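To start, the structure itself, in structure tokens.
The values are calculated or read from the model by the stated rules, or taken from the named source; none is laboratory data. This structure is a prediction, so every number in the text was calculated from the model and none was measured. All Cβ positions, even for glycine, are placed from backbone atoms using ideal geometry, and neighbour counts span all protein chains on display. Areas reflect the complete protein model, heavy atoms only, side chains present, ligands, DNA and RNA absent. Shrake-Rupley method; radii C 1.70, N 1.55, O 1.52, S 1.80 Å.
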Amino acid sequence: MRRAAMLLLAAAARALCPRMRPQHLRPTVMSAAQPSKRDAKRLARGKAPKPRYATGKAKAVYRGEGLGAPSYAGRATALSGLPDTNHAYTVLGIETSCDDTACALVRSDGAILGEAIRSQHEVHAAFGGIVPGLAKEAHEQAIDEVVTECLEKAGLGMADVGAVAATVGPGLEICLRVGARKAALLASTYEKPFVHCHHLEAHCLVARLPGDEAPLEFPYLALLVSGGHCQLLWVQGVGDCAVLGGTLDDALGEAYDKAARMLHLCGPTGGGPALERAALKGNATAVELPVPMKQRKDCDFSYSGLKNALRGKVAERRAERGLIDDETPLPEQDVFDLAASFQNVAIRHVEDRLKVAFKRVIGEAGAAPTLALVGGVAANAELRRRVSDVAAQAGWRTVVPPPRLCTDNGVMVAWAAIEKANLGFSDVVDEEVEVIPRWPFRGFSEPEPATVRVVAVAGERATAPA
Ligand code: KG4
Ligand code: ZN
């Protein structure tokens, strides 16, 4: 009886509140006026509250709901000092959020003074995906070498560095820690300001790195396509970004990687680039595959249906060729045709979503509407070409960083930190590393900058050319 009454009540509540979403999609709402029990304890101990972020689904989609990731503008606090922003200064940026250990030294006018990177494709190739423990070990092995190589290439030492920066999220926690710890140790050893970066924001901001083209001004539309993310973003400023749409399942880079694996195309350069190379030799209309979400006129993406359709076509081809065992590869031309057909449809889905996004934001885009194509998959030449074409047809300019600045790199971290330092922002370096593995653009409810702490190892000093 009681249960029946409760069910009735729940049904009534649902009817009265149709927008009620499942718990996993609801952003965390916290009141700044009333600290949580955990934060109250930390405050009592004289510590800053922990940064808060939504506990939502990994790829939850939030549509244009306003501010996303950290909002720095207007709240700038130089918690660990600032380089002299009246003169050109340099920032050392470190990136270890996934499977690249990267470092770059960038000057505040955009000049790249030194770069070094170690990728881990070979470490993970045999496992069909990134193994976090192995990734962390590889970062640990590479980090000192990468920082030293970067400074040596620049012909500079830590004495010439104006600030140190690192990606602190989102990403693989144990990997983020390696870079954040190294950067924080360098900052404390050499008494430099420390600036932390949001990985996705750094992808978006690196498109503004001064170069030969006309500068990319705010606001702009960003299509962020990487291994973990596939989003259309309206970037209005540093730390000020609205999400127009995201993926309901697989990200574009993830889809490329999975398709490459199905076609046995993984190699030392990773699945996406291998599939792109194979597609060059194939017929893009040889295999019929469904364009995702054709009926939906919004900015969301979905790639799992296409992935499953490709799996079906691979199986069909194998049966047609009489290949019963899993080991015997398909004839090369079949692989090329399947790769080209997959890529063609995957990009077609991007084109469809872009057309919707252009219409949605054109009212706010100003006289020279601009699209930035960013994230690892933006290194793909076919995607670059077709996205630029569809944008040009709609009257939009496209800005795409050079391929090496699309995939994970140290330059984007250093540049994002320069953008923040120019607004008067830096973070605290304390005694233990605190990273933010889940840090969606939407749902960040703590406007204050988070503290990145270095594990207190008495007397420990960072190693790098001084
Ligand atoms: O941004 P990124 O380096 O790392 C993440 O933040 O995820 O993106 C990596 C993704 C991988 O899925 C990789 O296969 C894909 O970008 N990718 C490409 C190409 N280069 C990298 N996908 C297609 N074509 C490429 N040329
Ligand atoms: Zn990335």
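Ordered from highest to lowest accessible area with the whole protein assembly present and a 1.4 Å probe, K281, K313 read as K281, K313. Taken as Cα centroids, the range 365-393 and the range 122-149 sit 31 Å apart, rounded to the nearest whole angstrom. Take D249: with every protein chain present and a 1.4 Å probe, its accessible area is about 40 Å². Taking amide H atoms as placed 1.01 Å from N in the peptide plane, the amide H of L113 lies under 5 Å from those of L105, V106, R107, each 5 or more residues away in sequence or on another chain. Rolling a 1.4 Å probe across all protein chains gives M262 an accessible area of roughly 30 Å².
If you roll a 1.4 Å probe over the range 281-366 with all protein chains in place, what percent of the accessible area is carbon or sulfur?
50 percent
Sorted on the mean count of surrounding Cβ atoms within 10 Å across their residues, most packed first, peptides 192-202, 232-242, 369-379 read 192-202, 369-379, 232-242.
From the gyration tensor of the Cα coordinates in the range 274-398, what semi-axes in whole Å does the equivalent ellipsoid have, largest first, with each one equal to sqrt(5λ)?
Here the semi-axes work out to 34, 15, 10 Å.
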